[in-house]
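Only one structure is covered here, and it is reproduced in the block below.
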Amino acid sequence: MANINLICIGVILDAHGILGEVKIKTFTQTPQQFLTYKPIYNDHDQPLIISKGRFVKDDIIVVKFTHINSRNDSETLKGQQLFIQSHQLTKLPLASGEILYQDLINLIVQDEQHQDIGKVIGVHNYGAGDLLEIKLFDKGEEIFIPFAHPDVGQIDAAVNTISVQSHLIEAFKATPRKLHD
């Protein structure tokens with residue numbers, strides 16, 4: 001999914017039962033929100049409509065999509081991310097210091113001297129915390145830095161920037177990692 005107007009709201013963990021249900025980890029503020037979005041899109045831009053859902057725990061729900069009627073059908077969805085269009089997003093007031101992942105994409109990364117050093121091209125969470133994927137301007141390499149690190153500083157939405165201490169960039173530049181093709 002390359003559409004910047006899509007927001008990832010969950011991922012299908014596994015098939016559940018024999019009637020085509022799936023277990024989903026939700027990324028919404030509350031799991032109840034997840035069930036209100038129609039349609040939801042999978043990795044292949046296919047719309048999926050929720051016919052019913054139930055809560056298993058905290059951010060895990062079991063959902064039945066219309067037209068997915070067997071375990072075999074639901075197993076083909078395993079691992080797929082689920083998206084909504086940005087206009088579907090419920091506009092909830094954000095607490096001070098909160099920002100949507102989508103609003104981090106395309107921020108210009110500046111060092112402590114306000115020099116432009118890169119651009120945020122992705123935000124990921126593989127279980128150990130949020131990572132900013134940054135494409136550096138000097139050599140075009142991509143690095144990942146922890147978003148919660150104390151040296152990742154102020155976001156200035158007015159000028160579309162995020163500050164990152166240069167020593168943090170250098171530390172992660174020394175060990176670049178490519179998490180996807």
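Among the listed pairs LYS25/LYS135; LYS23/LYS78; LYS135/LYS173, a Cα-Cα separation exceeding 19 Å is found for LYS25/LYS135. About the centre of its Cα atoms, segment 10-134 shows a dipole size close to 800 debye [charges on the beta carbon of Lys, Arg (+1) and Asp, Glu (-1) only; nearest 20 debye]. For segment 101-173, the residue among PHE172, VAL109, GLY127 whose Cα projects farthest onto the positive side of the dipole built from Cβ charges is GLY127.
Can you classify segment 101-173 as rounded, prolate or oblate using the Cα gyration tensor, where a ≥ b ≥ c are the square roots of its eigenvalues, rounded means a/c under 1.5, and otherwise it's prolate if a/b beats b/c and oblate if not? Rounded is the answer for segment 101-173, as its axis ratio a/c remains below 1.5.
When shorter helices are ignored and each DSSP H run of at least 4 residues is given -39500 (n - 2.57), the per-residue value for the chain at 222 nm works out to -2500 deg cm²/dmol. Residue separation of SER70 and TYR126 scaled by 0.36 nm, minus their Cα-Cα distance, works out to 17.3 nm of gained length. Scanning the chain for GluC sites (Glu not before Pro) in DSSP loops with at most 15 neighbouring Cβ atoms within 10 Å leaves 1-97 as the longest stretch between them.
The relative contact order of the chain, computed from alpha carbon pairs under 8 Å that lie at least 6 residues apart in sequence, is 17 percent. By definition, a body whose alpha carbon gyration tensor gives a ≥ b ≥ c is oblate when a/c is 1.5 or more and a/b is not larger than b/c, and segment 6-87 fits this oblate description.
Hey, rough spin-label estimate for ASP116 and HIS167, points 7 angstrom out along Cα→Cβ, what's it come to in nanometres? Distance between the two pseudo-spin positions: 2.7 nm.
With a Förster radius of 22 Å, plug the Cβ-Cβ distance of ILE49 and GLN102 into 1/(1 + (r/R0)^6) and report the FRET value to the nearest 0.05. After rounding, the FRET efficiency stands at 0.40.
Projected onto their three principal axes, the Cα atoms of the chain cover extents of 57, 34, 27 Å, largest first. Scanning the chain for trypsin sites (Lys or Arg not before Pro) lying in DSSP loops with no more than 15 further Cβ atoms inside 10 Å, the longest uninterrupted stretch between such sites is 1-77. Loop exposure criterion: chymotrypsin sites (Phe, Trp or Tyr not before Pro), DSSP state outside H, G, I, E and B, at most 15 other Cβ atoms within 10 Å. Applied to the chain, the longest stretch between such sites is 1-125. Of interest is the spacing of the C-alpha centroids, which for segment 64-90 and segment 1-47 amounts to 5 Å.
Read the figures in this text as sums done on the coordinates, not as results from a lab. All values derive from a computational prediction rather than experimental measurement. A quick note on method: Cβ atoms are made from the backbone with ideal geometry, for glycine too, and the neighbour counts reach across all protein chains shown.
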